[in-house]
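Right, one structure below, let's go through it.
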Amino acid sequence: MLHVKYYASKINNVAARIRKKYEYRKHQRYLPSTNRADDIYLVSFPKSGNTWVRFLLANAIKNYLSLDREINFFNIFEAIPDVQLNKNIRLEGPFGEPSLSRIIKSHSPYNPYYLRGFLLCRDPRDVMPSYYKYLTSYDVYPADKPFSEFIRHPQYGAAAWEQYTISWLKGMNKQGRNFQIFRYEDFITTPEEQVRKLVAVLGLRLPEETIKKAVEMSSFKVMQTLEKETGCNFSLKPQSTPFVRKGQSDRGKLLLEEDKTYIESMTRRSANLIGYEF
């Protein structure tokens, strides 16, 4: 009987190691080559305002460090790199500042190797049309397929948004993790307050004038001008429309009623938990 228990224990240990190895490989594509416990992750479903928030953070940090440079779509990666574009992220913080933690952008679903950061959410009724425009513009999704079909696509549509969001809502507060929820709409109404909360995680308390200046330097008008003047290198595929669009929040008012109803029915569970009431 003791031999049976011994071998059973050995088998369980081997199985546990295999599961752990599989789990790591599953999340490895969203991890930098060197993962640090103090890394801060900015995570979001695509087209939730991640780029705008990165500009806000980068400009705030740039002003704090008194750097004489303009933040654009190329050097934004020096402040907040995208782990899905480059896994070899340097060990120092934004702009090579060793006293600051790294801030890393990711579209990863819940990742147990992310210990702290921000979950950026946007009303799914606004995410879906923006994501559709983006994917068709970059020739990722067929432009001849209607929006009503897109929102039912298992990889891109409303169900994907719900699965992504609920994975984070369930996992982000597990023991040893520290994540805060930010809503895109709050950056529209109270941008300075939101930036103040973001930099506080870095241990920074910036003067109001510094934060106000960062908000001004990250306006949609400024970002649109930067894209026209310097271009945008977020994708190697040609695009038919600008990356920076209007950034509006209309709660799906421009959608067909049947499409709006479908999105709401598929995302209501997690959307309500975030504070979107429909």
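Peptides 259-265, 186-192 ordered by packing proxy, namely the average of other Cβ atoms within 10 Å per residue, highest first: 259-265, 186-192.
For the cross-link pairs 170/213; 87/174; 221/260; 26/212, which exceed 31 Å when the distance is taken from alpha carbon to alpha carbon? Check vs 31 Å cut-off fails for 170/213; 26/212.
Counting charges near residue 207 (Lys, Arg +1; Asp, Glu -1) among other residues having Cβ under 13 Å from its Cβ returns a value of +1.
Near residue 164, once Lys and Arg are set to +1 and Asp and Glu to -1 for all other residues with Cβ below 14 Å from its Cβ, the sum equals +3. Which shape class applies to region 62-210: rounded if a/c is under 1.5, otherwise prolate when a/b exceeds b/c and oblate if not, where a ≥ b ≥ c are the square roots of the Cα gyration tensor eigenvalues? Note, shape of region 62-210 comes out prolate.
The numbers here are math on the coordinates, done by the rules we state, and not lab data. Please read all numbers here as calculations on a predicted model, not as lab measurements. Here the Cβ is made from the backbone with ideal geometry for all residues, glycine too, and neighbour counts use every protein chain on show.
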